[in-house]
1. For region 88-124, which residues satisfy the criterion of being closer than 18 Å to ALA210 by Cα and out of contact with any Leu (no Cβ under 9 Å at 6 or more places or on another chain)?
2. Within the bounds of region 136-155, is there any residue that is basic (Lys, Arg) and farther than 30 Å from THR71 by Cα?
3. I'm told VAL248 meets every condition in (1) of a type outside the set (Lys, Arg); (2) surrounded by fewer than 21 Cβ atoms within 10 Å (Cβ to Cβ); (3) part of a helix (DSSP H, G or I); (4) in contact (Cβ under 8 Å) with a residue 12 or more places away in the chain except one. Can you identify the failing condition by its number?
4. Considering only residues that are out of contact with any Asp or Glu (no Cβ under 7 Å at 6 or more places or on another chain), assigned to a helix (DSSP H, G or I) and more than 16 Å from SER216 (Cα to Cα), which ones fall in region 30-61?
5. Within region 165-172, can one find any residue that is β-branched (Val, Ile, Thr), in a helix (DSSP H, G or I) and surrounded by fewer than 24 Cβ atoms within 10 Å (Cβ to Cβ)?
6. Quick one: what pairs do we get from region 100-118, first residue part of a helix (DSSP H, G or I) and buried (at least 20 other Cβ atoms within 10 Å of the Cβ), second modelled with pLDDT under 90 and among the charged types (D, E, K, R), C-beta under 6 Å, 6+ apart or different chains?
Amino acid sequence: MIKKREFIWNTLGSFISSILNAIILAFCTRLNGIEIAGMFSISYATACILDAIGNFGLRIYQTTDTKRKNTFSEYLVTRFFAVALMVIIGLIFVFATGYTHEKLYICLLLIIFRVIENISETYQAEFQLNGRLELGGKTIVYRNIAGLIVFFILDLITRNIIISLIGLVLANLIIFILYDLRLINKFTKTNLHVNKKEVIKIIKDCAPLAVSTLISMYVINAVKYAIDASGDYTMQTYFNIIYMPTFVINMISIFIIKPFLKPFGDYWNGKEYKKFLKIVLIIIGVLAVATLCAEIGAYLLGIPFLNLLYGVELSEYKTHLLLLIFSGFLYASANVFFNALGTMRRQKLTTVTYILTAIFALFVPTKLVDLYQMTGAAASCIAIMGLLFIFMAIFFTYVYISNVKKNNIGKLEKGRGV
């Protein structure tokens, strides 16, 4: 049973984490100009893609390890491996792409920011396994609020996004040290001398989830890269602004899914398949209702609110906004199936799903953006997320039915004394 305090703090943490990009983008647009905001947007997208390597699918795997097959220290060492790999690949990418110095520094600082988030995620998973999910929510709230305050003050004074991002990174690091590192000792002892075979096993088991998450981040941001290929920072900024409301749906999915990761593991490992399926369907139902509310709100007030918040004129993009919100529902629902398949330990199927979708996303958005500009960008999002949702739903249904049949046959044979 999820406690009230866990739900409240997890919701707050998920909310603040989800709107972080939107708030910083609003600051950048007003204080640094549309071109810098465009640079920030594509750099943030790149950091999110690389974040998938640091994430490595470990949160799902660790939190659903309800039988405690591995220690916290083994998960932490695995996380260090993941973030080191993330930084190496990030350095190769930013130096190989020929970014301007300003864009390069923005991207590197956002990568470091994501490194801190990923290491903290390992501590949050341990808190959750000990029935203290709210502690993870608190660290997200404290880190991001402190980071935003420091970022805003520095940007207001200097009008320099690089100095402001350095402040954001340092604020997050300080809160992590003072909060996460201090609290973990109440639950477990950290010992970096671990069983190497177990760490290698975790890496092998999580690798398909890591690949899936990495490709998923590319899939989510494929349209942004299609716009970046045209070199139009103004369109990039406008697209990211009207794309922001889709994160409302994603935010709701995060604060619903995260508390249920442990129950997911409990029900699936305990072969309570009907309860497991019920949770999945309830989450998707909640997302559908939230999407309907978001669509109504966006239709009535979305564009005026965004105009006021960002100080730009977006009236011609009302239809695009509504399409993007629906694409957010498709992605969030696909993410529910992704987490379910991870709990089922069928990670390879999620990898296949994302590879197939990424192949589509590699070619279609560039062509549509080139032909139809913002309309092509919105249409690309619907097509990509729709394809992802269909593949995930098919694989989830296949695995679920297969396990139910296998379980029923096992019960029947046991009843007959076979």
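1. Of everything in region 88-124, those that are closer than 18 Å to ALA210 by Cα and out of contact with any Leu (no Cβ under 9 Å at 6 or more places or on another chain) turn out to be ILE88, VAL115, GLU117, SER120.
2. Our first condition is that a residue be basic (Lys, Arg); within region 136-155, this holds for 138, 143.
Next cut, farther than 30 Å from THR71 by Cα only: none.
Scanning region 136-155, I find no residue that is basic (Lys, Arg) and farther than 30 Å from THR71 by Cα, so the answer is no.
3. (2)
4. Those that are out of contact with any Asp or Glu (no Cβ under 7 Å at 6 or more places or on another chain), assigned to a helix (DSSP H, G or I) and more than 16 Å from SER216 (Cα to Cα): ARG30, ILE34, GLU35, ILE36, ALA37, GLY38, PHE40, SER41, SER43.
5. If we filter region 165-172 for residues that are β-branched (Val, Ile, Thr), which is where we start, we get 166, 169.
Keeping just the survivors that are in a helix (DSSP H, G or I) gives 166, 169.
Subsequent filtering for residues that are surrounded by fewer than 24 Cβ atoms within 10 Å (Cβ to Cβ) retains 166, 169.
Yes.
6. Between residues of region 100-118 that are part of a helix (DSSP H, G or I) and buried (at least 20 other Cβ atoms within 10 Å of the Cβ) and residues that are modelled with pLDDT under 90 and among the charged types (D, E, K, R), the close pairs are ARG114/ASP51.
This table checks each residue for (1) hydroxyl-bearing (Ser, Thr, Tyr); (2) closer than 26 Å to THR351 by Cβ.
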position: PHE7; (1), (2): no, no
position: ILE16; (1), (2): no, no
position: ILE24; (1), (2): no, no
position: ALA37; (1), (2): no, no
position: TYR44; (1), (2): yes, yes
position: TYR75; (1), (2): yes, yes
position: ARG79; (1), (2): no, yes
position: MET86; (1), (2): no, yes
position: ILE116; (1), (2): no, no
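Each row is one residue, and each column tells you yes or no for (1) surrounded by fewer than 21 Cβ atoms within 10 Å (Cβ to Cβ); (2) over 18 Å from THR158 (Cβ atoms).
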| position | (1), (2) |
| --- | --- |
| LYS4 | yes, yes |
| PHE7 | yes, yes |
| ASN10 | no, yes |
| GLY13 | no, yes |
| SER17 | yes, yes |
| ALA26 | yes, no |
| LEU31 | yes, no |
| MET39 | no, no |
| ALA45 | no, yes |
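The values are calculated or read from the model by the stated rules, or taken from the named source; none is laboratory data. Please read these numbers as outputs of a predicted model, since none were measured by experiment. Glycine gets a Cβ as well: all are built from the backbone with ideal geometry, and neighbour counts include every protein chain shown.
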